[in-house]
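> Handing you this structure, nothing more for now.
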Amino acid sequence: MNQLDPFVEDHLNLQVRISYADHHSFLLRHGLNLCSHVLDVGTGNGAFAARLAQDHPEIQFLGIDKRRPCVVSCRSHLTANFDAQHVDMFARKSTFDFGQFDGFLMRYFLLHVDHTEKILELFKARAKRPSRFWIIDLDWSQFSCEPQHPTFDKLTKLVKDFCSKISLDTLGGQNVVPWLRQMDYQDIVVENLPFTNHNVPPEDFALYLKQEVQCYARMMGKAINDPETAEIIHFIETDVKSGKVLVSYGMVLVSSQLR
């Protein structure tokens, strides 16, 4: 398969639409304008990096992803200062030069893989000095609903089952800072950004959550007409979208440096 799944493409574009302003602001507060070459690790369809390239024509951006369909999808976003490459960071014969970058962006990536520490160790070994690192991701340990709702409990279980199946750590958002400290990354700053159906347009938030559920259900091998999945989606389209309940994904934003 050489094309990115249209469902995944839509979800990546939605991520950019609802969060670009906040995430861009975070990068600006933590040194983006001091960088000349930025690597977007796990770039997906390249939509976020392309927006950054448009706003910062003085910076060269490169997106890498080990999934070929993602890199193919990036082609529609390429500009004079944004390119994309198919790169498997841990391929035995890889000759990719991480030392050419002074900025490393990991957005919706680092806490979605099962070898986070190994990636941070690789960057520590190969990145130039000084270099800046930005980690932006969901922190599932902060997933909550007020007031509590029985269907939300089913949604939480779906997320945990999905993470367990692919060996993801739902506490990754809490663990990443200790890992950075242990590896001697410096100037670590942590910000927690509200990501709820109250501070994001509820229609967009509900669509985002619905797409997440559909993705998790599909990855878990659930049928398209699975009753529990249908119940969760109904809950999202009624209670969450209307604001009857306050649903929050934890959003963790981490900045650090190697000097």
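> If LEU4 satisfies all but one of (1) modelled with pLDDT of 95 or more; (2) part of a loop (DSSP other than H, G, I, E, B), what's the number of the condition it fails?
Among (1) modelled with pLDDT of 95 or more; (2) part of a loop (DSSP other than H, G, I, E, B), LEU4 violates only (1).
> Across the range 27-37, which residue is nearest to MET251 (Cα to Cα) among those that are touching a strand residue (DSSP E or B) at 6+ places or on another chain (Cβ under 6 Å) and surrounded by fewer than 19 Cβ atoms within 10 Å (Cβ to Cβ)?
GLY31
> Restricting to helices (runs of 4 or more DSSP H) lying wholly in the range 141-259: which have 3 or more residues that are under 24 Å from ASP5 (Cβ atoms), modelled with pLDDT of 95 or more and touching a helix residue (DSSP H, G or I) at 6+ places or on another chain (Cβ under 9 Å)?
So the answer is 202-219, 227-235.
> What is the residue count in the range 76-90 for residues that are within 22 Å of the chain's Cα centre (by Cα), loosely packed, with under 13 Cβ neighbours inside 10 Å and among the hydrophobic types (A, V, I, L, M, F, W, C)?
Adding up the residues that qualify gives 1.
Conditions tested, residue by residue: (1) in contact with a Cys (Cβ under 6 Å, 6 or more places away or on another chain); (2) open to solvent by less than 10 Å² (accessible area, probe 1.4 Å).
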| site | (1), (2) |
| --- | --- |
| ASP5 | no, no |
| VAL8 | no, no |
| LEU39 | no, yes |
| GLY46 | yes, yes |
| LEU52 | no, yes |
| GLN60 | no, no |
| ILE64 | no, yes |
| PRO69 | no, no |
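> Can you tell me which condition LYS222 does not meet? The list is (1) free of Cβ contacts under 8 Å to residues at least 40 places away in the same chain; (2) open to solvent by less than 30 Å² (accessible area, probe 1.4 Å); (3) of a type in the set (D, E, K, R), and all the others hold.
(2)
The values are calculated or read from the model by the stated rules, or taken from the named source; none is laboratory data. All values derive from a computational prediction rather than experimental measurement. Positions of Cβ are backbone-derived with ideal geometry, glycine not excepted, and every protein chain shown enters the neighbour counts. Ligands, DNA and RNA are excluded from the accessible area calculation, which covers all protein heavy atoms including side chains. Shrake-Rupley method; radii C 1.70, N 1.55, O 1.52, S 1.80 Å.
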